[in-house]
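Comments concern the structure below.
The values are calculated or read from the model by the stated rules, or taken from the named source; none is laboratory data. Remember, it's a predicted structure, so these values are computed and weren't measured experimentally. In this analysis, Cβ positions are derived from the backbone assuming ideal geometry, glycine residues included, and neighbour counts consider all displayed protein chains. Ligands, DNA and RNA are excluded from the accessible area calculation, which covers all protein heavy atoms including side chains. Shrake-Rupley method; radii C 1.70, N 1.55, O 1.52, S 1.80 Å.
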Amino acid sequence: MVRVTVNDEEADQTARLQGEQIVAYERRGPFWGRLAQFAVVVALAAGLVASTLVLDTVKSFYPGVGVFKSTPAQHPAEATVHECRRVGPVSGDGFGYWWHCAVTVQTRDGREVRTVVRHSTVTPDDRGRPVEFREVCFGKGNTDCRYGRPAWRIWAFALALLGILRTGLVLGLLMGVGVYLLRTVVGVPRYFAWVNRRRH
């Protein structure tokens, strides 16, 4: 009695899928077949850019310092808003229009820090009045500090999870771009021949 293992079934399915893709490629011919592979590269690259911008947009709605743990501690501070500039409709803050404003932050220990905050954390409407802020510092001697408005820690936790999702998505899309770019250059039959040689 011959027993078919799961590995044999997976190998048969893989071979069948490869065969279907090779047939589709050869039906189009080398030029149009490669062009179809390159179209997938373009679509994946567009998806990478679009997904990054969407996630940047979601991140920009959060006004806090990005810390959800109890350490490092968040300290109260007060900000004075100076000049602001508007960015958009597509920028490092994502889709839409956002304010980048220069501020002077008066810290709890009496320091005055001039910095620029993004994502419309403050706007020109905040000029002329003190704005409640938070300071959190990292690194040796607490030299790397972030500033933002008071915000729920659950927001920061959600953004941390979003960051993990973003990393996985970017890596997956980059791998897809690499695979289909290789298929564009060498052709689908030679690509699968190379993949199968490496497996064995």
Report summary line: Put Cys145, Cys101 in order of accessible area, largest first, probe 1.4 Å, and you get Cys145, Cys101
Report task. Could you calculate the FRET efficiency of Phe61 with Glu10 from 1/(1 + (r/R0)^6), where r is the beta carbon distance between them and R0 is 41 Å, rounded to 0.05? Result -> 0.40
Report summary line: Per its Cα gyration tensor (rounded if a/c is under 1.5, else prolate when a/b beats b/c, else oblate), the stretch 9-58 is best filed as oblate
Query raised in the report: GNM on the chain, C-alpha springs below 10 Å: top fluctuator among Gln37, Gln13, Gln106?
Result: Gln13
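Take the Cβ-Cβ distance between Lys69 and Leu174 as r, set R0 to 22 Å, and report the resulting FRET efficiency rounded to the nearest 0.05. Write out the running numbers ahead of the final one.
On the way: r = 30 Å, r/R0 = 1.35.
Calculated transfer efficiency: 0.15.
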Query - Distance between modelled label sites at Leu35 and Lys140, nm, 7 Å Cα→Cβ extension - result: 5.8
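Give me the tail of P(r) for the stretch 71-198 as a percent: Cα-Cα pairs with distance above 19 Å.
Details: 5314 of 8128 pairs.
Beyond 19 Å sits 65 percent of the P(r) for the stretch 71-198.
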Report task. For Arg108 and Leu162, compute 0.36 nm times the residue count separating them, minus their Cα-Cα distance, and round to one decimal in nm. Result -> 16.3 nm
Query raised in the report: Of the accessible area of the stretch 100-200, with the probe set at 1.4 angstrom, what percent is carbon plus sulfur?
Result: 59
Report task. Counting only heavy atoms of the protein chains, get the accessible area per residue of the stretch 117-200 (1.4 Å probe) and round it to a whole Å² value. Result -> 65
Query - Values of log10 I(q)/I(0), in the order q = 0.16, 0.20, 0.24, 0.29 Å⁻¹, for the stretch 24-84 under a Debye, Cα-only, solvent-free model - result: -0.77, -0.92, -1.00, -1.12
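So how much slack lies between Thr115 and Arg127, counting 0.36 nm per residue of separation and subtracting their Cα-Cα distance, in nm? Mind dumping the intermediate values first?
On the way: separation 12, 0.36 × 12 = 4.32 nm, distance 1.50 nm.
Additional length available on full extension: 2.8 nm.
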Query raised in the report: What is the P(r) of the stretch 1-124, as percent of Cα-Cα pairs per 5 Å bin from 0?
Result: 2, 9, 10, 11, 10, 9, 7, 6, 6, 7, 7, 6, 6, 3, 1, 1, 0
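Tell me what the chain gives for mean residue ellipticity at 222 nm when only DSSP H runs of n ≥ 4 count, each as -39,500 (n - 2.57), the sum divided by the residue total, rounded to 500 deg cm²/dmol.
About -17500 deg cm²/dmol.
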Requested in this report: For the stretch 32-40, take each phi angle, set θ = phi - 60°, evaluate the Karplus expression 6.51 cos²θ - 1.76 cosθ + 1.60, and give the result in whole Hz per residue in order, putting x for glycine and proline.
Outcome: 6, x, 5, 4, 5, 5, 5, 4, 5
Requested in this report: On each of the three principal axes of the Cα atoms of the stretch 67-146, give max minus min coordinate, whole Å, ordered largest first.
Outcome: 37, 27, 18
